[in-house]
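Below: the structure, in structure tokens.
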Amino acid sequence: MTNRTGRRTAIIGGVRTPFVKAGTSFRNLTALDLGKLVVSELVQRCELKPREIDQIVFGTVIPSVQMPNIAREVGLATGLPKEIEAYTVVRACATSLQALTTAADAISAGEIDCAIVGGSEAMSDVPITYSRPVAQAIVTASRGKTVVDKIRAFSDVSPRDLLPVPPAIAEYSTGLSMGESAEKMAKENGISREAQDAFAHRSHTKAAKAWDEGTFSKEVMRVLLPPGFEEAVVEDNVVRKDSTLEGYAKLKPVFDRKYGSITAGNSSPLTDGAAALLVMSEDKARALGMRPLGYLREYAYAAVDPNWQLLQAPAFSVPKVLRRAGMKLADLDLVEIHEAFAAQVLSNLQAFASKQFADEHLGGAEPIGEVPDGKLNPNGGSISLGHPFAATGARLVHQALRELAARNGNSALISICAAGGLGGACILTRE
Ligand SMILES: CC(C)(COP(=O)(O)OP(=O)(O)OC[C@H]1O[C@@H](n2cnc3c(N)ncnc32)[C@H](O)[C@@H]1OP(=O)(O)O)[C@@H](O)C(=O)NCCC(=O)NCCS
């Protein structure tokens, strides 16, 4: 960013694990294992002396209760110098975008010169907790002086209280799941089942083509699975190489079985994976002789009422980031939109182009316009590549910078919707 203090953040390199469906290849790995894998690979790939790193900013959306500051644990477990300070950020699906922009602010302010940013998510290893009555009884029992005290602490616990509580993919404030909220958006915005299925098919077709053509070879590392380290995971396993439009039409709606349109095919899947980026001040990159993939030019976040349209905040964060950067949609060579659900991407795109939306919600500003199909998610997105919540932001940034180079473009927009009614956007440039 240049318009805040003048120290621009350069993105030097990035890497991600393959993204795999929860419960498959990475089912025995934790978020820390995945984070450790990408961070050590990144340092090696960038040929960076670890002592050059000032900070690690990392996140996971569904954290382990044993490990509240995963960023620090990743640094320690990777064997990086213990003097590298580290902290954890979370902004739901925009978590690693937050990690990037937080580090960029610190670079911009002259506080640090170099950071590793990213996120990891192990949906196969979610923390299962106990109900409040059981938790309270355990705490009381731990203070009990005698065995009788300890047993008495459980006297008010009913058998139902003993059921374990898995984390919900539901909004705390509304009680609706992401899928239910996306259903609401599909209905309110008139997004048809056919349009959603066509978009999901597009996503899988483009991702399959990108994998076939080796597009991801510089972005995705190979993971050797413990304990034998003989079996290697080299590709995302969510991508359907045999995607057919008819296949989507057969699927039953999941979140509103009677009147709904959102299915397993047109949603992003629950996914395991991690992604990381190496960022530096532009002058540090120059001093080290590093060739940046690109730069963070601007970013913006926005929020909407989660009871309204939970995943529609990009319709606010994208105009905001363009305004801050003094750019128009037409100035961009590439637009990468996180695909939580096809219904959400199509709702966001509809709002970008709508005069009525701009009049009602953006104070009568000109709508930013339509995103040309050729510039949108050309190598697939979260529906086909998968969506390990905290890793998606870093995946999008790295993928966008590689694609910009491939098409000899200069500017890309990243847009991410996130739980809580949040939206994050940033603009990347190669020059
Ligand atoms: C939608 C969801 C519930 C589906 O989970 P699931 O039932 O485990 O999904 P599966 O991958 O097993 O797919 C179900 C079926 O659809 C089929 N299917 C999935 N995608 C398909 C496609 N593109 N084409 C054809 N068939 C497809 C599967 O083969 C499977 O068929 P089977 O039952 O015969 O084996 C789950 O992915 C989910 O919760 N996603 C949303 C995640 C979320 O909230 N993200 C937040 C975004 S911010």
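The values are calculated or read from the model by the stated rules, or taken from the named source; none is laboratory data. Keep in mind it's a predicted model, so treat the numbers as computed, not measured. Here Cβ is always computed from backbone atoms with ideal geometry, including for glycine, and neighbour counts include all displayed protein chains.
Take ILE383 and decide whether it is modelled with pLDDT of 95 or more, within 16 Å of the ligand (Cβ to nearest atom), out of contact with any strand residue (DSSP E or B) (no Cβ under 6 Å at 6 or more places or on another chain) and closer than 15 Å to SER268 by Cβ. Please lay out each step first, then the result.
Numbers: modelled with pLDDT of 95 or more: yes; within 16 Å of the ligand (Cβ to nearest atom): yes; out of contact with any strand residue (DSSP E or B) (no Cβ under 6 Å at 6 or more places or on another chain): yes; closer than 15 Å to SER268 by Cβ: yes.
So ILE383 fits the description; yes.
Somewhere in segment 357-380, is a residue at pLDDT 95 or above, crowded, with 19+ Cβ neighbours inside 10 Å, small (Gly, Ala, Ser) and within 18 Å of TRP308 (Cα to Cα)?
Looking for residues that are at pLDDT 95 or above, crowded, with 19+ Cβ neighbours inside 10 Å, small (Gly, Ala, Ser) and within 18 Å of TRP308 (Cα to Cα), one finds at least one in segment 357-380, hence yes.
Residue-by-condition table, conditions (1) surrounded by 19 or more Cβ atoms within 10 Å (Cβ to Cβ); (2) of a type in the set (Ser, Thr, Tyr); (3) touching a residue at least 24 places away in the same chain (Cβ under 8 Å):
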| site | (1), (2), (3) |
| --- | --- |
| GLY23 | no, no, yes |
| LEU29 | yes, no, yes |
| THR78 | yes, yes, yes |
| ALA109 | no, no, yes |
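Tell me which residues, restricted to segment 110-126, are more than 17 Å from the chain's Cα centre (by Cα) and part of a strand (DSSP E or B).
Scanning segment 110-126 gives CYS114, ALA115.
What is the residue count in segment 337-368 for residues that are touching a helix residue (DSSP H, G or I) at 6+ places or on another chain (Cβ under 9 Å) and part of a loop (DSSP other than H, G, I, E, B)?
10
Among all residue pairs at least 6 apart or on different chains, which show Cβ distances below 7 Å where the first residue, located in segment 264-287, is under 30 Å from SER25 (Cα atoms) and the second is outside any loop (DSSP other than H, G, I, E, B) and among the basic types (Lys, Arg)?
PRO269/LYS21; THR271/LYS21; GLY273/ARG16; ALA274/ARG16; ALA275/ARG16; ALA275/ARG395
Looking at (1) within 24 Å of ALA104 (Cβ to Cβ); (2) assigned to a helix (DSSP H, G or I), can you tell me which one GLY374 breaks?
All conditions pass for GLY374, except number (1).
Report, by residue number, each residue of segment 405-423 that is within 16 Å of the ligand (Cβ to nearest atom) and part of a helix (DSSP H, G or I).
Here is the first cut: in segment 405-423, the residues within 16 Å of the ligand (Cβ to nearest atom) are 414-423.
Within segment 405-423, ALA419, GLY420, GLY421 meet the criteria.
Would you pick out the residues in segment 269-298 that are buried (at least 24 other Cβ atoms within 10 Å of the Cβ) and hydroxyl-bearing (Ser, Thr, Tyr)?
THR271, the sole residue that qualifies.
Taking CYS93 as the residue in question, decide whether it is surrounded by 13 or more Cβ atoms within 10 Å (Cβ to Cβ) and in contact with a His (Cβ under 8 Å, 6 or more places away or on another chain). Spell out the reasoning first.
Working: surrounded by 13 or more Cβ atoms within 10 Å (Cβ to Cβ): yes; in contact with a His (Cβ under 8 Å, 6 or more places away or on another chain): yes.
Answer is yes for this residue.
For segment 159-216, name all the residues that are over 22 Å from GLY386 (Cα atoms), free of Cβ contacts under 8 Å to residues at least 40 places away in the same chain, of a type in the set (Gly, Ala, Ser) and away from the ligand (no atom under 15 Å from the Cβ).
Scanning segment 159-216 gives a single hit, GLY190.
Those residues that are surrounded by fewer than 20 Cβ atoms within 10 Å (Cβ to Cβ), within 23 Å of the chain's Cα centre (by Cα) and near the ligand (Cβ under 6 Å from one of its atoms), I need them from segment 231-268; list them, please.
ARG240, VAL254, ALA264
Give just the number: which of (1) modelled with pLDDT of 95 or more; (2) more than 26 Å from ASP212 (Cα to Cα); (3) away from the ligand (no atom under 13 Å from the Cβ); (4) surrounded by fewer than 24 Cβ atoms within 10 Å (Cβ to Cβ) does ARG402 not satisfy?
(2)
Looking at GLU111, GLU47, GLU73, GLU52, which one is touching a helix residue (DSSP H, G or I) at 6+ places or on another chain (Cβ under 6 Å) and either on the phi < 0 side of the Ramachandran plot or not hydroxyl-bearing (Ser, Thr, Tyr) (or both)? Write out each step before concluding.
Working: GLU111 fails: touching a helix residue (DSSP H, G or I) at 6+ places or on another chain (Cβ under 6 Å); GLU47 fails: touching a helix residue (DSSP H, G or I) at 6+ places or on another chain (Cβ under 6 Å); GLU52 fails: touching a helix residue (DSSP H, G or I) at 6+ places or on another chain (Cβ under 6 Å).
When all the criteria are applied, what remains is GLU73.
Limited to segment 1-36, what total is found for residues that are at pLDDT below 95 and touching a Gly at 6+ places or on another chain (Cβ under 8 Å)?
2
Among (1) surrounded by 14 or more Cβ atoms within 10 Å (Cβ to Cβ); (2) closer than 30 Å to HIS398 by Cβ; (3) among the basic types (Lys, Arg), there is one condition ARG193 misses while meeting the rest; what is its number?
It is condition (2) that ARG193 fails.
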